[in-house]
1. Relative to the longest principal axis of the C-alpha atoms of the chain, give the angle of the C-alpha long axis of helix 24-43, reported between 0 and 90° and rounded to the nearest 10°.
2. Could you work out the per residue convex hull volume over the alpha carbons of the range 144-278, in cubic angstrom?
3. Helix 5-19 versus the longest principal axis of the chain: what is the Cα-based angle in degrees, 0 to 90, to the nearest 10?
4. Stretch residue 33-residue 59 to full length: gain in nm at 0.36 nm per residue minus the Cα-Cα span?
5. My understanding is that a pair violates if its Cα-Cα distance is over 24 Å; which of 100/319; 351/401; 70/305; 105/247 do that in this structure?
6. Name the residue, out of 29, 90, 230, whose mean-square fluctuation peaks in a Gaussian network model built on the chain with Cα pairs under 10 Å.
7. For the range 140-157, list residues with backbone N below 15 Å from a point placed 7 Å from the Cα of residue 422 toward its Cβ?
8. Any chance you could check the Cα centroid distance between the range 302-346 and the range 246-279 for me, in angstrom?
Amino acid sequence: MKTFASTFLCLSIAALCFVFVKPQAQAVDEAALLKRAQKLHREAIVIDTHNDVTSLLLDEGFDLADNGVKPDGSLRSHTDIRRLKAGGLDAQFFAVFVDKDFVNKPVREGGGAARRTLDMIGVVYEQVARHPETFEMAFTANDVRRIVKRGKIASLMGIEGGHAIEDSIYALRMYHQLGIRYMTLTHTNTNDWADSEADLKNQNVKHHNGLNDFGKAVITEMNRLGMMADISHVSDKTMADVLATTKAPIIASHSSARAMANHTRNVNDETLRAIAKNGGVVMVNFYDGFIDPRKAEITLASRAKTEELKALYPNDQNKVNEELAKWRATQPKFDKTPLSVLMDHFIHIIKTAGIDHVGIGADLDGIPLDAAPVGMEDVSKYPVLTMELLRRGYSDGDVKKVLGENILRVMSECERVAREMQKAQPAPTPARLK
């Protein structure tokens, strides 16, 4: 059974405070809304498609049973078992994040992209084995539903950074066998077959105008395997090429709405409508540097400044960091991003793409510890989202779609497409990068 004590205590306090500033009739409505939200959140299957705590597990030896809150109240992580349960989370996609620095990295320095991928997958299995009372590995949409009924958190994985396959369809197949159920086609680096949004202005990078032929073969193979293609981090042209190539719904595992905050990590309205037509889903990112229009501008400028400094000091990362810190000190300082800004992204995607095409991809532990909006500071806060969606007039059924049913539908459809493709051609000889 889900536990909501800590989060709903906060909500209850907020509701009580409401009594002192609003007429009694309104206070009764708030109490009823809170009760409805509690019940709905217990009934719903709540899924987050992107959490980067995996990096902390591997690089710092963190264990999900540890307390992610330090004795002084500051955060060590956004995620631990206690807060996952408090947030009523039913299924978590753990991000298998492979930084671009692992491309061609020698073994003595930790190995290359494939080695990093396998290590990341390994720590997910390790956590599930250590905490079998809490977690169970899931590989299909039906697995998720079965595991949730047993009162456990369904554990899934998605690769972040297509360079993880090292240009090998065979590697892609093996990752799927190990449990990878989506792949973010790029990270901040254009790879050998897909363009990233982050380096399009870098003339030293070889770009492909979206996907090249091998990239399109990767999408087709992902369809055949039942692995969801993830367009977070990719260029607009890559997004368009994926939509033109895929036979199955796609996802953006941790992206928000560009109309609300003008950052290229977000999805524009044209693509939102195309994803709706495709049957896919956009999972909203919580990072204030992407969702807050004031901060998104600085985030983009910071990226450009970083590249400028790297060009000036190509062999001196310490100098780059020093100069970047000086530059950041000159930039405007803003208050914490309010919850309403995050909700604006959910509402815009709903209005543009439809209620069937939005979900949660918070990117927690992949963003600075203080960078989530007020009220959504860690994984214990998901019930706040349920309350806010109800407050804005959405039905129980619609809220359940946002919380998890939309991504389960996409998973099921990708599985159906895979069965049909495998029946037609079980294991074709894979394409190779030329």
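1. Between the helix axis and the principal axis of the chain, the angle is about 40 degrees.
2. Working: hull volume 16.0 nm³, N = 135.
In the range 144-278, the Cα convex hull volume per residue is 119 Å³.
3. 50
4. 5.1 nm
5. Beyond 24 Å between Cα atoms: 70/305; 105/247.
6. Highest fluctuation among the options: 29.
7. In the range 140-157, the label zone of residue 422 (backbone N under 15 Å from the point 7 Å along Cα→Cβ) covers 140-143.
8. Answer, in whole Å: 25.
Quick note: the coordinates plus some simple rules give every number you see, no bench work behind them. Since we're looking at a predicted model, the values are computed, not measured. Backbone-built Cβ (ideal geometry, glycine too); neighbour counts: all protein chains shown.
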